[in-house]
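Some notes on the structure that comes next.
Rule-based calculations on the coordinates, nothing more; no lab input. Please read these numbers as outputs of a predicted model, since none were measured by experiment. Here the Cβ positions follow ideal geometry from the backbone for every residue, glycine too, while neighbour counts run over all protein chains shown.
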Amino acid sequence: MMGSSKPKAVANLLPTTGNAARGTVTFTQDDDEIRVVMRLSGLKPNAEHGFHVHEKGDCSSGDGMSAGGHFNPGAKPHGPQRGDHHAGDMPNLKADENGNVAATFELKGVSVGGANDVIGRGLVIHRDPDDYRTQPAGNSGPRIACGVIVAAG
């Protein structure tokens, strides 16, 4: 059997009502980090957008609010990756001039399977950039896309 034996998960993001953002995000466990790879479209061109793992794997509401708040099993304050932060806090996304994002980054403090598992959680893109200061969610505005993170292959 070909392929990686590392645990993987995927989220297919769909736009919330009135929005166009969509795409696919994969999560691959790599020792104590997760490698996050995304291909997104339909974002505001040349703009930053907040991007978070949310507590509930539920995108049934038209506004994405059914995904709940940020995934935060450690009851930490909201913040950037370099300090104390929710497990679900991730770097802002930066869309290109066509509203697309093709990016990769690593996360610590979460896993694919095991403690602080992202599987079964919501994944949300917000309209505005995360300021990494405002509690509890970074003042990143409405949710413009939502997807459920599921185990992959």
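Residue 81 meets the conditions (1) under 14 Å from the mean Cα position of the chain (by Cα); (2) of a type in the set (S, T, N, Q); (3) assigned to a loop (DSSP other than H, G, I, E, B); (4) surrounded by 15 or more Cβ atoms within 10 Å (Cβ to Cβ) in every case but one. The failed one is (4). Looking only at residues in segment 48-78 that are touching a residue at least 12 places away in the same chain (Cβ under 8 Å) and charged (D, E, K, R), the one that is surrounded by the most Cβ atoms within 10 Å (Cβ to Cβ) is 55.
One line per residue, one yes/no per condition, for (1) within 20 Å of residue 33 (Cα to Cα); (2) free of Cβ contacts under 8 Å to residues at least 40 places away in the same chain; (3) in a loop (DSSP other than H, G, I, E, B):
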{"residue": "96", "(1), (2), (3)": "no, no, yes"}
{"residue": "99", "(1), (2), (3)": "no, no, yes"}
{"residue": "107", "(1), (2), (3)": "yes, no, no"}
{"residue": "133", "(1), (2), (3)": "no, no, yes"}
{"residue": "139", "(1), (2), (3)": "no, yes, yes"}
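The residues in segment 10-61 that are within 12 Å of the chain's Cα centre (by Cα) and of a type in the set (Gly, Ala, Ser) can be counted, and the count is 4. Restricting attention to segment 5-23, the residues that are farther than 17 Å from residue 67 by Cβ and touching a strand residue (DSSP E or B) at 6+ places or on another chain (Cβ under 7 Å) total 3. Return a yes/no flag: does segment 81-96 have any residue that is over 20 Å from residue 131 (Cβ atoms) and out of contact with any Phe, Trp or Tyr (no Cβ under 9 Å at 6 or more places or on another chain). There is at least one residue in segment 81-96 that is over 20 Å from residue 131 (Cβ atoms) and out of contact with any Phe, Trp or Tyr (no Cβ under 9 Å at 6 or more places or on another chain). Residues being loosely packed, with under 15 Cβ neighbours inside 10 Å, under 18 Å from residue 98 (Cα atoms) and hydrophobic (A, V, I, L, M, F, W, C) are represented in segment 20-40 by at least one member.
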